[in-house]
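To start, the structure itself, in structure tokens.
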Amino acid sequence: MAYKLLEGKKGIIFGALNSDSIAWKVAERAYEEGATFVLTNTAVAMRMGETSTLAEKCKTEVIPADATSIDDLNNLLTRAMEILGGKIDFILHSIGMSPNVRKGRHYSDLDYSNLDKTLDVSAISFHKVLQTARKMDAINEWGSVVALSYVAAQRTFYGYNDMADAKALLESIARSFGYIYGRERRVRVNTISQSPTVTTAGSGVKGFAHLLDFSERMSPLGNATAEECADYCITLFSDLTRKVTMQNLFHDGGFSSMGMSLRAFQQYEKGLDDECDCGKASPGDHRYD
Ligand SMILES: NC(=O)c1ccc[n+]([C@@H]2O[C@H](COP(=O)([O-])OP(=O)(O)OC[C@H]3O[C@@H](n4cnc5c(N)ncnc54)[C@H](O)[C@@H]3O)[C@@H](O)[C@H]2O)c1
């Protein structure tokens, strides 16, 4: 159902790769709610993905930008304001990538140039977006900037690897920049900590199907879907949440407040007779991880 919550608002949406992407669902909902916006992604993603199909549907354009490049971000913000006819009201940062995860490098054996890339793409790019926008004074008063995070920023999750460090940094940037941007220009900055969701980035996480099942059983309301995440983003872009800033907002069906649920407990009990196949750990053996 559409409420016209974003009527007259202008935005930039990063990270819609294909129809599974959370950013894709956010773009569809923002369009329904009356917003005008531009889409952006890397040149490679634009070639490989389906972003132009989404742009047609939302009657807009895709501007290529690598979110780690200040030149690209300057160009993106300039072009976005030209196309949309003025300053921006909302930005979605929906970007994540870890070369260590992609290449199967274990957390206790990270390649540090890969780690630099993980942090730059998945977290520091958020600072770059905010800093570039602030220098250009590209965001209207009471504008809203949202990035997507995951609970591995606070708790350890098997297999999430260096993305956990990236998410912790991302959430810290939201607080630190939220203070400056809020005090100076009344721009709010938040992160949404979303349930595991079946997307291209999500499916790269080790043991993703088990993680999805575990958090579904643990969450009293079940996992939040990408569509539900989009709904939540819309409320944060709208004028209904004007005093919400510098927060990491859990959108996870209650998962982050749980210790053990009956549904997870019952499932665990079924497996108690089978001995865990951990064996004896030796150096370089990650069976205990
Ligand atoms: N899927 C999940 O389980 C889940 C859960 C919590 C949070 N998140 C977060 O949601 C966000 C979106 O991920 P998704 O699950 O929709 O997956 P996705 O793969 O559809 O989106 C990731 C996007 O990041 C873009 N990207 C990568 N490098 C970039 C760069 N240098 N510059 C600009 N864009 C770049 C990709 O092209 C892609 O569009 C990520 O921050 C992810 O960590 C995902």
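Being away from the ligand (no atom under 13 Å from the Cβ), polar (S, T, N, Q) and not in a helix (DSSP H, G or I) is the filter here, so list the residues in segment 155-193 that pass it. Across segment 155-193, the qualifying residues are T156, N190.
The set of residues in segment 31-57 being touching a helix residue (DSSP H, G or I) at 6+ places or on another chain (Cβ under 8 Å) and open to solvent by less than 10 Å² (accessible area, probe 1.4 Å) consists of E33, A35, F37, V38, L39, T40, T51, L54. Note on segment 1-39: among residues that are among the polar types (S, T, N, Q) and in contact (Cβ under 8 Å) with a residue 40 or more places away in the chain, the one that is nearest to L148 (Cα to Cα) is S21. Scanning segment 97-145 for residues that are touching a His at 6+ places or on another chain (Cβ under 8 Å) and aromatic (F, W, Y) returns a single hit, F126. Cβ-Cβ distances below 8 Å connect the following pairs, each with a first residue in segment 69-81 that is open to solvent by 40 Å² or more (accessible area, probe 1.4 Å), a second residue that is assigned to a helix (DSSP H, G or I), and a separation of six or more residues or different chains: I70/K128; I70/T132; N74/T132.
Among residues that are out of contact with any Lys or Arg (no Cβ under 7 Å at 6 or more places or on another chain) and of a type outside the set (G, A, S), M81 is not included. Listed by first and then second residue, the pairs linking a residue in segment 154-168 that is more than 14 Å from S256 (Cβ to Cβ) and open to solvent by 20 Å² or more (accessible area, probe 1.4 Å) to a residue that is at pLDDT 95 or above and away from the ligand (no atom under 12 Å from the Cβ), with Cβ atoms under 6 Å apart and 6 or more places separating them unless they lie on different chains, are N161/N100; N161/Y107.
The values are calculated or read from the model by the stated rules, or taken from the named source; none is laboratory data. Predicted model only: the values in this text are computed from it and were never measured. Quick reminder, even Gly has a Cβ in these numbers, built from the backbone with ideal geometry, and neighbours come from all protein chains shown. Heads up: the accessible areas ignore ligands, DNA and RNA and are worked out on the full protein's heavy atoms, side chains in. Shrake-Rupley method; radii C 1.70, N 1.55, O 1.52, S 1.80 Å.
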